[in-house]
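J.: This structure is in structure tokens; I'll ask about it shortly.
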Amino acid sequence: SQQGEEDPQALSIQEGENATMNCSYKTSINNLQWYRQNSGRGLVHLILIRSNEREKHSGRLRVTLDTSKKSSSLLITASRAADTASYFCATDEYDSWGKLQFGAGTQVVVTP
Amino acid sequence: DGGITQSPKYLFRKEGQNVTLSCEQNLNHDAMYWYRQDPGQGLRLIYYSQIVNDFQKGDIAEGYSVSREKKESFPLTVTSAQKNPTAFYLCASRGTVGEKLFFGSGTQLSVL
């Protein structure tokens, strides 16, 4: 079973707009991570937020975490065509040491 | 250069055949992972290993086997018991639990 579920499944925006995607998960976690995947390639780590953190920034990325709602959001500001990719959340489960589970992903298309 | 190397990039399996996917890392990481990705889907965990000579089943281990005899190597065998092996296979590693994953570039396995 997959721990995280992303919403929406797909997102199409224009360059310069912001992109927001959400991730919900089921069990207690130690941390939540966001990754990016270009078509047919391996994943690249974007940002990690620990269970005791509520918000984190990295460049044009902003991640929030609400452990009471078991949800996280990833905001990409001022999007560029190069941001076109699939984005996945992944959770380090609290009760399963070392088990890192991924969600189904959000496919983002940024048009010039 | 440090990183994770997966080989081959493309692999074809005949009916009843076992095939082995290679994953090697020179990052001195303790933990290694195998994920399966079907088209347009998220990543599903097959097996993971936190330390040499030890590994745990993920959510879809049936039809697969692994070994972890060396720290830098975590090969995955897709056995003939796996009836639907066509997928993109991703290997990843990290220093320890709670850290980010580093991914290889993947192996596309197809059935002849």
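J.: Among (1) open to solvent by 60 Å² or more (accessible area, probe 1.4 Å); (2) under 11 Å from the mean Cα position of the chain (by Cα), there is one condition A:E55 misses while meeting the rest; what is its number?
T.: Here A:E55 clears every test but (2).
J.: On to the next question. Could you tell me whether the stretch B:41-51 includes any residue that is in contact with a Phe, Trp or Tyr (Cβ under 8 Å, 6 or more places away or on another chain) and in a loop (DSSP other than H, G, I, E, B)?
T.: Taking the stretch B:41-51 and keeping what is in contact with a Phe, Trp or Tyr (Cβ under 8 Å, 6 or more places away or on another chain), we get B:42-50.
Then keep just the ones that are in a loop (DSSP other than H, G, I, E, B); that gives B:42.
Checked the stretch B:41-51: at least one residue is in contact with a Phe, Trp or Tyr (Cβ under 8 Å, 6 or more places away or on another chain) and in a loop (DSSP other than H, G, I, E, B).
J.: What about B:F88, is it closer than 22 Å to A:T106 by Cα and among the aromatic types (F, W, Y)? Spell out the reasoning first.
T.: On the way: closer than 22 Å to A:T106 by Cα: yes; among the aromatic types (F, W, Y): yes.
Against the criterion (closer than 22 Å to A:T106 by Cα and among the aromatic types (F, W, Y)), B:F88 qualifies.
J.: For the stretch A:59-112, give me the residue count where each residue is open to solvent by 10 Å² or more (accessible area, probe 1.4 Å), assigned to a strand (DSSP E or B) and either of a type in the set (F, W, Y) or without any contact (Cβ under 8 Å) to a residue 40 or more places away in the chain (or both).
T.: Residues meeting the conditions: 4.
J.: In addition: From the set of residues in the stretch A:27-45 that are in contact (Cβ under 8 Å) with a residue 60 or more places away in the chain and of a type in the set (A, V, I, L, M, F, W, C), which is surrounded by the most Cβ atoms within 10 Å (Cβ to Cβ)?
T.: Residues of the stretch A:27-45 that are in contact (Cβ under 8 Å) with a residue 60 or more places away in the chain, as a first pass: A:27-33, A:35, A:37.
Checking which are of a type in the set (A, V, I, L, M, F, W, C) leaves us with A:29, A:32.
On the way: A:I29: 24, A:L32: 27.
Top of the filtered list is A:L32.
J.: Does the stretch A:95-112 hold any residues that are modelled with pLDDT under 90 and of a type in the set (S, T, N, Q), and which are they?
T.: Result: A:S96, single match.
J.: Kindly indicate the residue of the stretch B:79-109 that is open to solvent by less than 20 Å² (accessible area, probe 1.4 Å) and farther than 19 Å from B:T5 by Cβ and also farthest from the other protein chains (Cβ to nearest Cβ) among those meeting that condition.
T.: B:P85
J.: Separate question: Which numbered condition trips up A:L48, out of (1) under 10 Å from the mean Cα position of the chain (by Cα); (2) in contact (Cβ under 8 Å) with a residue 24 or more places away in the chain?
T.: (2)
J.: Give the residues of the stretch B:28-67 that are of a type in the set (A, V, I, L, M) and within 13 Å of chain A (Cβ to nearest Cβ), sorted by residue number.
T.: B:A31, B:M32, B:L43, B:L45, B:I46, B:I51, B:I60, B:A61
J.: Any chance the stretch B:68-76 includes a residue that's away from chain A (no Cβ under 14 Å) and either at positive phi or of a type in the set (A, V, I, L, M, F, W, C) (or both)?
T.: Step one: of the stretch B:68-76, the residues away from chain A (no Cβ under 14 Å) are B:69-73, B:75-76.
Next cut, either at positive phi or of a type in the set (A, V, I, L, M, F, W, C) (or both) only: B:76.
Taking every residue of the stretch B:68-76 in turn, at least one turns out to be away from chain A (no Cβ under 14 Å) and either at positive phi or of a type in the set (A, V, I, L, M, F, W, C) (or both).
The values are calculated or read from the model by the stated rules, or taken from the named source; none is laboratory data. None of the values given here were measured: they were computed from a predicted structure. Here the Cβ is made from the backbone with ideal geometry for all residues, glycine too, and neighbour counts use every protein chain on show. These accessible areas exclude ligands, DNA and RNA; they are computed on the full protein's heavy atoms, side chains included. Shrake-Rupley method; radii C 1.70, N 1.55, O 1.52, S 1.80 Å.
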